[in-house]
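The values are calculated or read from the model by the stated rules, or taken from the named source; none is laboratory data. Note that the structure is predicted; figures quoted are calculated from it, not measured. Methodologically, a virtual Cβ is constructed for each residue, glycine included, from the backbone with ideal geometry; neighbour enumeration extends over all protein chains shown. Calculation scope for accessible area: heavy atoms of the full protein, side chains included, ligands and nucleic acids excluded. Shrake-Rupley method; radii C 1.70, N 1.55, O 1.52, S 1.80 Å.
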Amino acid sequence: KDLDVYVFDVGQADSILVSCNGKNMLIDAGNNADGKLIVKELQEMGITTIDYLVGTHAHEDHIGGLDDIIDNFEIKNFYMPSKQYTSATYKSVIKSANNKNLKIVSPKVGDKFQLGSATCEVMSADEQSDDLNLTSIVIEVTHGENKFLFMGDAEIENEEERLWDDVDVLKVGHHGSRTSSSKEFIDKIKPKYSIISVGKNNRYNHPNKEVLNNLEKSKMYRTDRNGSIMFKIKNNKLKIETCCR
């Protein structure tokens with residue numbers, strides 16, 4: 001009944017694997033160039049099936065490698081917002097899904113599903129906005145006494161639309177941009193640990209200093225400094241490992 005969470009170092013992009021009882025959820029797959037690297041990583045872990053594949057929203061730094069994932073693994077469930085996009089990256093993902101007759105499901109807020117003994121709940125999924133960040137699928141994963149919150153590129157507007165649980169681990173929204181992770185939101189969820197998936201010396205100057213100040217009460221990990229990050233829960237105890245920096 002253990003839970004493993006791998007935050008892959010994919011530079012200025014997102015890709016996260018959640019595994020529990022032999023069931024796997026992949027949230028995003030980095031940029032286009034990251035697809036084959038993530039495929040290799042997963043294959044080396046012995047993974048052949050992705051039970052839940054989540055493209056949080058249609059920007060290239062989140063769905064860029066999804067076509068490679070779809071082409072190389074059995075996908076049981078595929079979640080993406082209904083908001084369509086005109087980019088070549090988005091069209092390539094849709095083409096790979098169609099080639100496998102893979103149905104794309106757009107989840108609703110409050111939808112729940114099981115990943116082994118972990119419960120996953122959709123906390124935000126705005127299908128109507130023209131700002132793709134606001135359409136991000138936000139997922140909370142509860143395993144025993146531990147809660148993880150994966151924000152995609154959700155922004156302050158998403159943060160203000162609902163009540164939130166206290167969480168143990170926060171995957172910080174939008175790579176630490178100032179448009180996410182308001183002080184009010186962080187004060188509500190009180191994360192013990194925060195993870196920022198961000199590229200070294202990126203042109204956006206992420207993570208923002210104000211956001212880092214908002215997160216100062218949490219133990220912070222950053223892929224640009226720590227490399228890939230693994231959270232491992234065994235017997236309700238959380239262990240953290242970093243790799244390759």
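If you take all other residues with their beta carbon under 10 Å from the beta carbon of D131, and give Lys and Arg +1 and Asp and Glu -1, the sum is -4.
For region 33-99, relative contact order (Cα pairs under 8 Å, six or more residues apart, normalised by length) works out to 37 percent. Against the criterion of solvent-accessible heavy-atom surface with a 1.4 angstrom probe, K209, K232, K95 sort, most first, into K209, K95, K232. Shape verdict for region 108-220, please, from the Cα gyration tensor: rounded (a/c under 1.5), prolate (a/b greater than b/c) or oblate. It comes out oblate by the Cα gyration axes. M151 exposes around 0 Å² of accessible area when a 1.4 Å probe is run over every protein chain in place. Using the Stokes-Einstein relation with a Kirkwood hydrodynamic radius computed over Cα pairs, the translational diffusion coefficient of region 24-68 at 4 °C and a viscosity of 1.567 mPa s comes to 125 µm²/s. The apolar share of the surface of the chain, taken as the fraction of accessible area on carbon and sulfur atoms (1.4 Å probe, ligands and nucleic acids excluded), comes to 44 percent. Looking at region 2-123, the accessible area is 41 square angstrom per residue; that uses a 1.4 Å probe and ignores ligands, DNA and RNA. Compute the signed sum of charges (Lys and Arg +1, Asp and Glu -1) over the other residues within less than 12 Å, Cβ to Cβ, of K232. Here the count lands on 0.
Solvent-accessible area of I139, all protein chains in place: 0 Å² (probe radius 1.4 Å, heavy atoms, ligands and nucleic acids excluded). One Cα centroid belongs to region 191-211, the other to region 10-72; the line between them spans 21 Å. Every helix of 4 or more DSSP H residues in the chain counts as -39500 (n - 2.57), and over all residues that averages to -5500 deg cm²/dmol at 222 nm. For D111, the residues 5 or more places off, or on other chains, whose built amide H falls under 5 Å of its own are V122. Each Cα pair under 8 Å and six or more residues apart adds its separation to the average, and for region 37-144 the resulting relative contact order is 24 percent. Of C243, C120, the residue with the largest accessible area leads and the full order is C243, C120 (1.4 Å probe). Evaluating 6.51 cos²θ - 1.76 cosθ + 1.60 at θ = phi - 60° for every residue in region 183-196, the Karplus couplings come out as 4, 4, 5, 5, 5, 6, 8, 6, x, 7, 10, 10, 10, 10 Hz, glycine and proline recorded as x. Under 19 Å from a point 7 Å along the Cα-to-Cβ line of E74: which residues of region 34-58 have their amide N that close? Counting backbone N atoms under 19 Å from the label point, the list is 39-40, 42-54.
For the chain, taking Cα atoms only, Rg and Dmax work out to 16.3, 47 Å respectively. Each residue was assigned an accessible area with a 1.4 Å probe, and for L134 the value is about 10 Å². Taking every alpha-carbon pair under 8 Å whose residues sit at least 6 apart, region 78-200 reaches a relative contact order of 17 percent. With coordinates expressed along the principal axes, the C-alpha atoms belonging to region 1-52 extend over 32, 17, 16 Å, beginning with the largest.
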